[in-house]
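For reference, the structure is listed below as structure tokens.
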Amino acid sequence: MADDQRTFGVAVLGAGRMGLTHIRTLAGIRSVHVVVVADPDPAAAERGRGVARADRATTDAFDAIRDPAVEAVAIVTPTSTHAVYIEAAVTAGKAVWSEKPIALDLVETTRVVESIRRSGQPVQLGFMRRYDPGYLRAKERIESGELGRIETFRALSRDTYPPPLDFLRTSGGLFLDMAVHDLDLARFLVGEVEEVQAWGANLVDDRFAQAADIDTAVTLLRFRDGALGTVETARHSAWGYDIRTEVAGAEGKVVIEAGQKTPLTFSRRFGYEGDHFENFPDRFAVAFQRELEAFVAAILAGETPTPGPMDALETLRLAVAVTRSWSEQRPIRVADVQA
Ligand SMILES: NC(=O)c1ccc[n+]([C@@H]2O[C@H](COP(=O)([O-])OP(=O)(O)OC[C@H]3O[C@@H](n4cnc5c(N)ncnc54)[C@H](O)[C@@H]3O)[C@@H](O)[C@H]2O)c1
């Protein structure tokens with residue numbers, strides 16, 4: 001059989017909100033056969049099995065990882081479980097695609113990155129914005145040199161709704177849970193960051209203060225090559241999911257902003273109406289699909305999938321530096337943040 005017709009077996013761990021999205025994508029990829037869906041909630045596992053048309057459902061993630069028909073494991077479980085499942089899968093000789101992050105602290109992440117390195121298994125993490133067509137095109141333009149020397153980076157993310165209090169308590173906080181996507185983009189589009197300074201505030205909802213967290217923040221970045229940046233983060237937006245990014249250089253700039261969801265505007269005398277994306281599932285639907293397609297293509301081609309463990313580690317280091325700057329109310333050099 002020609003290699004591009006090869007089918008490989010995948011186990012999906014976690015069939016919740018994101019799990020079902022990823023299961024639908026995997027089920028639609030010709031070279032993938034979803035062997036097993038695991039979730040401690042039997043109804044969720046069975047629902048996932050049905051959507052994937054998988055051979056079986058199980059409530060035991062380790063049973064799914066060990067299945068001899070499984071070559072790759074897709075991990076879409078709560079964040080606190082990613083590390084243990086990634087380690088178990090690579091140790092069992094399986095390739096891994098996992099939702100970000102590996103873990104919320106540098107010690108655990110560094111340990112898992114080392115296990116992955118020892119295993120030699122390919123691992124990709126779900127920083128999906130890197131697969132959004134807008135961000136991909138921006139990256140190409142920047143790398144082609146068309147913008148000239150990069151001078152500034154601006155990113156703004158506003159979530160439509162604040163998350164539940166229970167989620168907030170274990171989320172890792174505004175910077176590790178949410179700003180991390182913009183911090184990853186800063187590294188992806190411009191390069192490594194030398195120093196950060198962050199301010200945070202509670203302007204949206206008292207529950208953030210109850211969870212010892214903030215709901216609004218502004219972060220300043222100084223890149224290693226001298227460029228400067230800002231990241232604005234808010235847990236609430238009354239007008240819809242608001243994600244905007246700009247990279248400006250000596251010769252030009254790129255702006256990444258999804259205008260509206262429905263390709264219809266209504267105009268009349270001095271009036272104009274369009275709609276906004278509601279949240280990440282609709283704004284990043286294409287990116288969620290392409291990140292998995294890219295993983296499968298890399299595995300079939302014997303190439304290293306990206307973004308990999310080192311990107312996850314360095315983006316986490318940056319997010320930890322920003323968190324520390326906010327809590328200690330001082331600038332932090334990223335290189336000073338060690339496990
Ligand atoms: N990339 C993104 O933009 C993005 C967006 C949303 C969520 N996520 C990440 O996706 C992951 C899952 O989030 P979600 O929103 O689908 O959560 P969810 O709570 O909707 O689903 C999690 C599922 O995992 C199951 N589960 C719980 N413990 C488990 C265990 N030990 N082993 C196996 N399954 C277990 C639960 O029963 C549930 O069905 C999280 O890490 C989250 O950070 C990423």
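The numbers here are math on the coordinates, done by the rules we state, and not lab data. Note that the structure is predicted; figures quoted are calculated from it, not measured. Here Cβ is always computed from backbone atoms with ideal geometry, including for glycine, and neighbour counts include all displayed protein chains.
Want the number for ALA69 to GLU194: 0.36 nm per residue separation, take away the alpha-carbon distance, what's left? Walk me through the numbers on the way to the answer.
Working: separation 125, 0.36 × 125 = 45.00 nm, distance 4.49 nm.
Length difference between fully extended and current span is 40.5 nm.
Which of the lysines could be linked to LYS139 by a straight reach, that is with a Cα gap under 22 Å, when you skip same-chain ones fewer than 8 residues away?
LYS100, LYS253
How far is it, in nm, from the label point at GLN329 to the one at GLU257 when both lie 7 Å from their Cα along the line to the Cβ?
3.4
Using the beta-carbon distance between THR152 and GLN338 and R0 = 35 Å, what value does 1/(1 + (r/R0)^6) give for FRET efficiency, to the nearest 0.05? Before the final figure, lay out the partial values.
Values: r = 29 Å, r/R0 = 0.82.
E between THR152 and GLN338, to the nearest 0.05, is 0.75.
Against the globular-protein guess of 2.2 N^0.38 Å, express the Cα radius of gyration of the chain as a ratio, rounded to two decimals. Spell out each step's value before the answer.
On the way: Rg = 20.4 Å, N = 339, 2.2 N^0.38 = 20.1 Å.
The value comes to 1.01.
Can you tell me, using C-alpha contacts under 8 Å and at least 6 residues apart, the relative contact order of the chain as a whole percent? Display every interim value, and only then the final one.
Working: 703 pairs, mean separation 61.7, N = 339.
Worked out over the chain, it gives 18 percent.
For the chain, what does the helix formula give at 222 nm: sum of -39500 (n - 2.57) over DSSP H segments with n ≥ 4, over the residue count, nearest 500 deg cm²/dmol? Present the calculation step by step, with values, prior to reporting the outcome.
Working: 12 runs with 126 residues, N = 339.
After summing the helix terms and dividing by residue count, I get -11000 deg cm²/dmol.
Can you compute 3J(HN,Hα) from phi for each residue in the range 54-62, using the Karplus curve 6.51 cos²θ - 1.76 cosθ + 1.60 with θ = phi - 60°, rounded to whole Hz and x for Gly and Pro?
Here the 3J(HN,Hα) series is 7, 5, 7, 10, 8, 9, 10, 4, 5 Hz.
Over the range 203-334, what relative contact order in percent results from Cα pairs under 8 Å that are six or more residues apart? Intermediate values should be presented prior to the final figure.
Details: 105 pairs, mean separation 15.8, N = 132.
The normalised contact order for the range 203-334 reaches 12 percent.
Give the angle, between 0 and 90 degrees and rounded to the nearest 10, that separates the Cα long axis of helix 180-189 from the longest principal axis of the Cα atoms of the chain.
Here the helix axis deviates by roughly 80 degrees.
Of the listed peptides 60-70, 306-316, what is their order by residue-averaged count of other C-beta atoms within 10 Å, with the highest listed first? Write out the running numbers ahead of the final one.
On the way: 60-70: 17.4, 306-316: 20.8.
Descending packing order for the listed peptides: 306-316, 60-70.
List the extent of the Cα atoms of the range 11-115 along each of their three principal axes, largest first, rounded to whole Å.
Cα extents, longest axis first: 38, 25, 23 Å.
Taking amide H atoms as placed 1.01 Å from N in the peptide plane, list the residues 5 or more away in sequence, or in a different chain, whose amide H sits under 5 Å from that of ALA69.
Distant-sequence amide H within range of ALA69: zero hits.
Between ASP132 and residues 5 or more places away or on another chain, which pairs have amide H atoms under 5 Å apart, with H built 1.01 Å from N, and which residues are they?
none
By how many nm would the segment from ASP275 to ASN202 grow when fully extended, if each residue of separation counts as 0.36 nm and the alpha-carbon distance is taken off?
On the way: separation 73, 0.36 × 73 = 26.28 nm, distance 2.79 nm.
Here the answer is 23.5 nm.
Please list 3J(HN,Hα) in residue order for the range 298-306, calculated via the Karplus relation 6.51 cos²θ - 1.76 cosθ + 1.60 where θ = phi - 60°; whole Hz, with x for glycine and proline.
Those phi angles translate into 5, 4, 5, 8, x, 9, 7, x, 9 Hz.
From the phi angles alone, apply the Karplus equation (6.51, -1.76, 1.60; θ = phi - 60°) to the range 79-96 and give each ³J(HN,Hα) in whole Hz, x where the residue is Gly or Pro.
Computed from phi, the couplings for the range 79-96 are 3, 5, 9, 4, 4, 5, 6, 4, 4, 4, 5, 5, 5, 7, x, 9, 6, 9 Hz.
Out of THR233, GLY148, ALA74, whose Cα points farthest toward the positive end of the dipole of the chain (charges: +1 Lys, Arg; -1 Asp, Glu; placed on Cβ)?
Result: GLY148.
Amide H to amide H, which residues 5 or more places from PHE277 or on other chains are under 5 Å from it, using H placed in the peptide plane?
Amide H neighbours of PHE277, under 5 Å, 5+ apart: TYR241, LYS261.
Would you mind computing, in nm to one decimal, how far apart the modelled labels at LEU228 and GLU293 are, each placed 7 Å from Cα along Cα→Cβ?
Each label point lies 7 Å from its Cα, and together they span 4.0 nm.
What's the exposure ranking of LEU203, LEU189, going from fewest to most Cβ atoms within 10 Å? Display every interim value, and only then the final one.
Values: LEU203 12, LEU189 23.
Listed from fewest to most nearby Cβ atoms, that is LEU203, LEU189.
Considering only GLY200, PRO133, ALA179, whose Cα is most displaced toward the positive end of the charge dipole of the range 118-221, charges sitting on Cβ of Lys, Arg (+1) and Asp, Glu (-1)?
Farthest along the dipole direction, towards plus: PRO133.
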